[in-house]
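Contents: one structure, followed by commentary.
The values are calculated or read from the model by the stated rules, or taken from the named source; none is laboratory data. Everything numeric in this text was worked out from a predicted model, so none of it was measured. Note that each Cβ is placed from the backbone with ideal geometry, even for glycine, and that neighbours are counted across all protein chains shown.
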């Protein structure tokens, strides 16, 4: 294959010497100062989103159980776990002396919440699972994975415990969709087209606050895409189908 | 299973490749989108050795592009995420190709063992440097006589002598080839002195002093774009082996008697039937590949599941002999001068 660019135009490590130096200096992540007003201010919104997210997850799993009653026991277990997480994250805010801005968080989730409720009413299980078990869970896992690296010691421990659970949840929706892929693919694609852009918007909306907490927007998005792609691959979609679905995140 | 972790040679090239593979969301994306793109397992392939053994492997594109070198966090994530994917896929031995091994080493990624819920197992990865070093030495031994250079009388300069590959090449040249003189060039003096002591030979010198004396120059450091070299000062017949990454020597040295050879590239005895090397500027992409990639294949052929090349300055003569013998046995050979175009058209 012939490249349009000449190889000599290619970057070299030498021409990026500054990067190397920067790397050497910042290789160990610098933690933010958890006591500043600006940190606490940003934390009041991020913490609220997390608490609200866990509450939504709880409610959503209970609702999903009404569509698949024979899974009631399993879904109740998951829902209970989410409440445990909510308590943990509430403690994280308290530990830093921050009051979570719940009003902001409710508004933050309102569109996604609304779409979930509509799907629930119509009995669209696939859409419900996409919103909760794929999008919200992948969003949560990606945020937690990034947060763990820059969290205060108390929150770090709690978040690490939560992440272990969250991988189970992702797995739950995954398994159902995998088994029913042939009958639910079309709905999955449609629901994704509507809801994935919301996730992207939500990420953009918290980017500034997240960066005060030393959470990088680019890294958050990448983590999300990794979790999202992994789940879709697991469900049985191929690379091209996933590419088509992921497209909704950038248009 | 063997794995190869690679990347495109430029952002433009990466986009074109993504489009061909049907990854439209990133093909149409700007560099920011690429910075958030997960690594992709783009191809599975079965390879049959000259001995008849068959192995399976995967090519993982890290979605890193050289333009990301100025974003160190991004570069670090791209490499680690690709390694995580390789491990999650259960690949026994994966080679880090192109910039990925350079990033791994220079940016000290060894301290990042935990990636999400995966603990990276280093024994599943290899830099492939042992095979690369062996191939460069063979290229030197085979091609110098072809252009009339007598190794017994030759002065060889190694630029980047203290690096992982450079020091291995010096070790081999001193102990195995009977060359007349070895000139060692590197940025820092202290590691050069340590190497000289270990080898009990070789002369420490500067680039400008080394070049006019050398019959053969082995480049294992990527050449800064800013370095200007007066080709009139070079020896009349000179073999240049471009073992660095990216390979950009042929633009610097164009002259009748200057022979530039792409270093560290091997040719397989058969067509492999993969698409991935199309993307790595190989002249014969069905057979040619970076020696570091071939190392992962050789280790898989040999069922030698270990991080064969790892860390700095651990490449012994015994390891080079082992990988060299296995390389030949399974059907690889170092590419030579007659296969090279005088000037690369890319």
Sole miss for residue A:209 among (1) surrounded by fewer than 17 Cβ atoms within 10 Å (Cβ to Cβ); (2) under 17 Å from residue A:147 (Cβ atoms) is condition (1)
Checked against (1) farther than 25 Å from residue A:217 by Cβ; (2) in contact (Cβ under 8 Å) with a residue 24 or more places away in the chain; (3) more than 13 Å from chain B (Cβ to nearest Cβ), residue A:186 satisfies every condition except (2)
Conditions (1) at the interface with chain A (Cβ under 7 Å from one of its Cβ atoms); (2) surrounded by fewer than 20 Cβ atoms within 10 Å (Cβ to Cβ); (3) in contact with a helix residue (DSSP H, G or I) (Cβ under 9 Å, 6 or more places away or on another chain) -> residue B:12 fails only (3)
Check whether at least one residue in the stretch A:135-147 is under 15 Å from the mean Cα position of the chain (by Cα), in contact (Cβ under 8 Å) with a residue 60 or more places away in the chain and over 17 Å from residue A:46 (Cα atoms), and report yes or no. yes
With the structure loaded, tell me whether residue B:176 is under 21 Å from residue B:319 (Cβ atoms) and over 19 Å from the mean Cα position of the chain (by Cα) or whether it fails that test. yes
If residue B:56 satisfies all but one of (1) in a strand (DSSP E or B); (2) at the interface with chain A (Cβ under 8 Å from one of its Cβ atoms), what's the number of the condition it fails? (2)
Which of the residues belonging to the stretch B:114-132 are touching a helix residue (DSSP H, G or I) at 6+ places or on another chain (Cβ under 8 Å), over 17 Å from residue B:243 (Cα atoms) and either modelled with pLDDT under 95 or not in a helix (DSSP H, G or I) (or both)? B:115, B:116, B:117, B:118, B:120, B:121, B:125, B:126
Condition check for residue A:205: at pLDDT 95 or above and within 27 Å of residue A:86 (Cα to Cα): yes
Keeping to the stretch A:177-186, report how many residues are buried (at least 16 other Cβ atoms within 10 Å of the Cβ) and in contact with a helix residue (DSSP H, G or I) (Cβ under 6 Å, 6 or more places away or on another chain). 2
Sole miss for residue B:46 among (1) part of a strand (DSSP E or B); (2) at pLDDT 95 or above; (3) in contact with a helix residue (DSSP H, G or I) (Cβ under 6 Å, 6 or more places away or on another chain) is condition (3)
Does at least one position in the stretch A:120-138 carry a residue that is assigned to a helix (DSSP H, G or I) and surrounded by fewer than 18 Cβ atoms within 10 Å (Cβ to Cβ)? yes
Looking at this structure, is residue B:178 at positive phi, touching a helix residue (DSSP H, G or I) at 6+ places or on another chain (Cβ under 9 Å) and in contact (Cβ under 8 Å) with a residue 60 or more places away in the chain? no
In the stretch A:85-103, the residues that are free of Cβ contacts under 8 Å to residues at least 60 places away in the same chain and in a helix (DSSP H, G or I): A:86, A:87, A:90, A:93, A:94, A:102, A:103
The stretch B:264-295: number of residues that are closer than 20 Å to residue B:52 by Cβ, touching a residue at least 40 places away in the same chain (Cβ under 8 Å) and touching a helix residue (DSSP H, G or I) at 6+ places or on another chain (Cβ under 9 Å): 5
Kindly indicate whether any position in the stretch B:247-260 is without any contact (Cβ under 8 Å) to a residue 60 or more places away in the chain, under 24 Å from residue B:335 (Cα atoms), away from chain A (no Cβ under 14 Å) and in a strand (DSSP E or B). yes
Just a yes or no: is a residue in the stretch A:228-246 away from chain B (no Cβ under 13 Å), farther than 17 Å from residue A:131 by Cα and in contact with a helix residue (DSSP H, G or I) (Cβ under 7 Å, 6 or more places away or on another chain)? yes
Looking only at residues that are more than 11 Å from chain A (Cβ to nearest Cβ) and surrounded by fewer than 21 Cβ atoms within 10 Å (Cβ to Cβ) in the stretch B:91-117, which one is nearest to the chain's Cα centre (by Cα)? B:92
Scanning the stretch B:64-90 for residues that are surrounded by fewer than 24 Cβ atoms within 10 Å (Cβ to Cβ) and not in a helix (DSSP H, G or I), which turns out modelled with the lowest pLDDT? B:71
Looking at residue A:166 and the list (1) under 30 Å from residue B:15 (Cβ atoms); (2) part of a helix (DSSP H, G or I), which single condition is not satisfied? (1)
Condition broken by residue B:151, with the remaining ones in (1) under 25 Å from residue B:299 (Cα atoms); (2) touching a residue at least 24 places away in the same chain (Cβ under 8 Å); (3) in contact with a helix residue (DSSP H, G or I) (Cβ under 7 Å, 6 or more places away or on another chain); (4) surrounded by fewer than 18 Cβ atoms within 10 Å (Cβ to Cβ) satisfied: (1)
Of all residues in the stretch B:20-31, which are surrounded by fewer than 19 Cβ atoms within 10 Å (Cβ to Cβ) and facing another protein chain (nearest Cβ under 7 Å)? B:22, B:24
Do you know which residues across the stretch A:189-225 are over 29 Å from residue A:34 (Cβ atoms) and either touching a strand residue (DSSP E or B) at 6+ places or on another chain (Cβ under 9 Å) or within 11 Å of chain B (Cβ to nearest Cβ) (or both)? A:196
Report whether or not residue A:246 is modelled with pLDDT under 95 and buried (at least 22 other Cβ atoms within 10 Å of the Cβ). yes
